[in-house]
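Structure record follows, encoded as structure tokens.
The values are calculated or read from the model by the stated rules, or taken from the named source; none is laboratory data. The model shown is predicted, which means the values in this text are computed figures rather than measured ones. Please note: Cβ atoms are built from the backbone with ideal geometry, for glycine as well, and neighbour counts cover all protein chains shown. These accessible areas exclude ligands, DNA and RNA; they are computed on the full protein's heavy atoms, side chains included. Shrake-Rupley method; radii C 1.70, N 1.55, O 1.52, S 1.80 Å.
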Amino acid sequence: MALLETRGLTAFYGDFQALFGVDLDLAEGETMAVIGANGAGKTTLMRSIAGVIAQKPDMVRFDGENIGAMAPDDIMAAGIAMVPEGRKLFPSLSVEENLLMGAHRRKVDGPWRLETVYELFPILKERRHQPGTALSGGQQQMVSIGRALMSNPRVLLCDEISLGLAPVVIKDIYAAFPRIRETGASIVVVEQDIGQAMKVADRVHCMMEGRVTLSGRPDELSREAIHDAYFGAAA
Amino acid sequence: MIWVDTVLQGVLLGGLYALFALGLSLVFGIMRLVNLAHGDLIVLAAYLILMIVTLLGLGPFLAALIALPIMFALGWALQRVVLNRVLGTDILPPLLVTFGLSVVLQNALLEGFSADSRRIPAGWLETASLPIGPISVGVMPLLTFLSAIGVTLVLQFIFYRTSLGRAFRATSDDPVTASLMGVKPSSVFAQATGIAMVVVTIAALYLGTRANFDPTTGPARLIYAFEAVIIGGLGSLWGTLAGGIIIGVAQTGGAQINPEWQILAGHIAFLVVLLIRPRGLFPRAFD
Ligand SMILES: Nc1ncnc2c1ncn2[C@@H]1O[C@H](COP(=O)(O)OP(=O)(O)OP(=O)(O)O)[C@@H](O)[C@H]1O
Ligand SMILES: [Mg+2]
């Protein structure tokens, strides 16, 4: 049985429908990539799983429980942590306080605590007393990832962590993923940057206009198939 | 010498205004809510203390101690049952609701306690004074001022040294992201308003023992509180204390020149500070 499932997941912003019945399965320990162009519905999918957008209870299942209608803070307490799009550090908190916020509610023993997050991203330890927003974009992204890890989540949702970062910085950040995987967390990475996502993922799902248009293992998907699923066959 | 005395009395008076203002500042800083019933809640707490003093025959300080948890619970419930429902991106609904609450409180107090003005008896403390050099300082004003500093220190500690304070600041920055960290904004807000009501009770103790009050005393206290918060810079606790002191000194200074100018001088000081520093003395770096 999958650890996290979405079943017939739909989402609306007023009259506008952003998701049309999305079915996804994330197995324990698996890393899934969700790729798609601007406006494909990736963030909407992540926010629905995290509870920011309330859903029907059975549209999202986690560890055998219907969590679709649960509040975001309860979903986080259950073990799903989010690295939100745009990093979303708390500007009035220092780097270390931002990290501590990750463990505000869910305090479980596990591999991740301040020291191990600082081992993963040593630069953060040097800057721990600075305001989070004084850091470079890449370092802010490290704080956002570290903050989510602090709760020792069973599922880590990462929404476009490469957005707006230089390629060398993106490589640095993705270099942390093998370590995160080793600890047993299941991961969902949402990306427009297909290359990085394909490298870390066990499975890839391509989204277009609110639907999953292609799924498979990274090595079995051809460039053409991805291109079609990404932009539509006519493009 | 007379001016040293004037300034000192003004500083001490500022402590009272700071106590009026700190609860307002706390709530505004965390949830951007301007509570128009703040002054009436201070008056309500003063009546509560008065009732405990009269019914149980206790001293005002002990009575205030008993009133603290009651007012905390009231603030918590007020936030849970009423204010959380109207908080949102639109600032008008909370303003209207707290304005309505202000009217309701005044009328309820009028029903319950009549329009007669009252005072919490403080016995010998009312007139006690300490000589500091050639100047004599009232014990109650001094206690008020020390309480204001104490309250500021404690709130500052809660804000910057505890995990509750961290959640306060995070929620104030970005409630959605805070909820992704497991914070329930509605519960954080309820705790904040509870704490604000504790400060309100301390303010009520000094308001009620140092001057007469009646059910309509609240709105004027709200104005002083509001001015102190704005002078200090929205969301800054030390700024609020400074704001209270500035109004206090302006008032005693004005009164020294002409007794009729006391209130006016306070408001003028407020306007002058706003003209020079529209965002207050210690504004937050971001908002
Ligand atoms: N708050 C909102 N109100 C109205 N429409 C929205 C809102 N948020 C997103 N949408 C619309 O929903 C669709 C899906 O948006 P979503 O943000 O989920 O896409 P995305 O795949 O994350 O895109 P990006 O790669 O740009 O982040 C888009 O058409 C977008 O315009
Ligand atoms: Mg997005």
Using only the alpha-carbon atoms of segment B:238-280 as identical scatterers, what base-10 log of I(q)/I(0) does the Debye formula give at q = 0.17, 0.21, 0.27 Å⁻¹? -0.43, -0.62, -0.87
Scan around residue A:31 for amide H atoms under 5 Å from its own, H built in the peptide plane at 1.01 Å from N, and keep only partners 5 or more places away or cross-chain. A:187, A:202, A:203
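When the helices in chain B are scored as -39500 (n - 2.57) per DSSP H run of 4 or longer and the sum is shared across all residues, what 222 nm value do you end up with, to the nearest 500 deg cm²/dmol? Intermediate values should be presented prior to the final figure.
Values: 11 runs with 207 residues, N = 287.
Computed mean residue ellipticity for chain B: -24500 deg cm²/dmol.
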Rounded to whole Å, sorted largest first: equivalent-ellipsoid semi-axes of segment B:143-223, Cα gyration tensor: 31, 16, 9
Alpha carbon centroid spacing (whole Å) that separates segment B:43-82 from segment B:231-265: 28 Å
Just to be sure I understand the interface: list residues from segment B:170-184 that lose 20 Å² or more of accessible area between the chain on its own and the complete protein assembly, 1.4 Å probe. B:170, B:173, B:174, B:176, B:177, B:179, B:180, B:181, B:182, B:183, B:184
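Let me know the volume per residue of the alpha-carbon convex hull for segment A:4-231, in Å³.
Working: hull volume 26.6 nm³, N = 228.
Per-residue hull volume (Cα only) is 117 Å³.
As a test of the definition: which semi-axes, in Å, follow for the protein assembly as shown when you take the square root of five times each eigenvalue of its alpha carbon gyration tensor? Largest first, please.
Working: eigenvalues 606, 109, 77 Å².
Listed largest to smallest, the semi-axes of the protein assembly as shown are 55, 23, 20 Å.
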I want to verify a result. In a Gaussian network model of chain B, Cα cutoff 10 Å, which of these has the top mean-square fluctuation: B:84, B:212, B:35? B:212
For chain A, with a Gaussian network of springs between Cα atoms less than 10 Å apart, report the residue from A:115, A:160, A:209 with the top mean-square fluctuation. A:115
Give me, ordered by chain and number, the residues 5 or more places off residue B:282 or on other chains with an amide H under 5 Å from its own placed amide H. B:233
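Per the 1.4 Å probe, what fraction of the accessible area of segment A:4-231, in percent, lies on carbon and sulfur atoms? Provide the component values of the computation, followed by the final result.
On the way: 4720 of 9380 Å².
Answer for segment A:4-231 is 50 percent, counting heavy atoms of protein chains only.
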Using Cα springs under 10 Å in a Gaussian network model of chain B, which residue among B:273, B:103, B:154 shows the largest mean-square fluctuation? B:154
Starting from 0 in steps of 5 Å, tell me what percent of the Cα-Cα pairs of chain B lands in each bin. 1, 6, 12, 17, 19, 17, 13, 9, 4, 2, 1, 0
For helix B:38-56, report the angle its Cα long axis makes with the longest principal axis of the Cα atoms of chain B; keep it between 0 and 90° and round to the nearest 10°. 70 degrees
Checked segment A:1-69 with the C-alpha gyration tensor, a ≥ b ≥ c its square-rooted eigenvalues, rounded below a/c of 1.5, otherwise prolate if a/b is larger than b/c and oblate if not; verdict oblate
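Report, as an integer, the average count of C-beta atoms from other chains found within 10 Å of each Cβ along A:145-153. Don't jump to the answer; show the numbers that get you there.
Numbers: counts 0, 0, 3, 2, 0, 1, 2, 0, 0.
Mean partner shielding for this stretch: 1.
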How far is the Cα center of segment A:84-110 from the Cα center of segment A:34-58, in Å? 21 Å
Calculate how steeply helix B:237-257 sits against the longest principal axis of the alpha-carbon atoms of chain B, using the helix alpha-carbon long axis, and give the answer as 0 to 90 degrees to the nearest 10. 30 degrees
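With a 1.4 Å probe and all protein chains kept in place, how do A:226, B:263 rank by accessible area, largest first?
On the way: A:226 15, B:263 80 Å².
Largest accessible area first, the list is B:263, A:226.
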Relative to the longest principal axis of chain B, what angle (0 to 90°, nearest 10) does the C-alpha long axis of helix B:2-31 take? 20 degrees
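Kindly report the accessible area of chain B per residue (heavy atoms of protein chains, probe 1.4 Å, no ligands, DNA or RNA), in Å². Don't jump to the answer; show the numbers that get you there.
Working: 12280 Å² over 287 residues.
I get 43 Å² per residue for this part.
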Using only alpha-carbon positions, what ratio does the radius of gyration of segment B:21-121 give when scaled by 2.2 N^0.38 Å? 1.16
Amide H contacts under 5 Å for residue A:53, restricted to residues at least 5 apart in sequence or on another chain and with H modeled in the peptide plane, are A:48
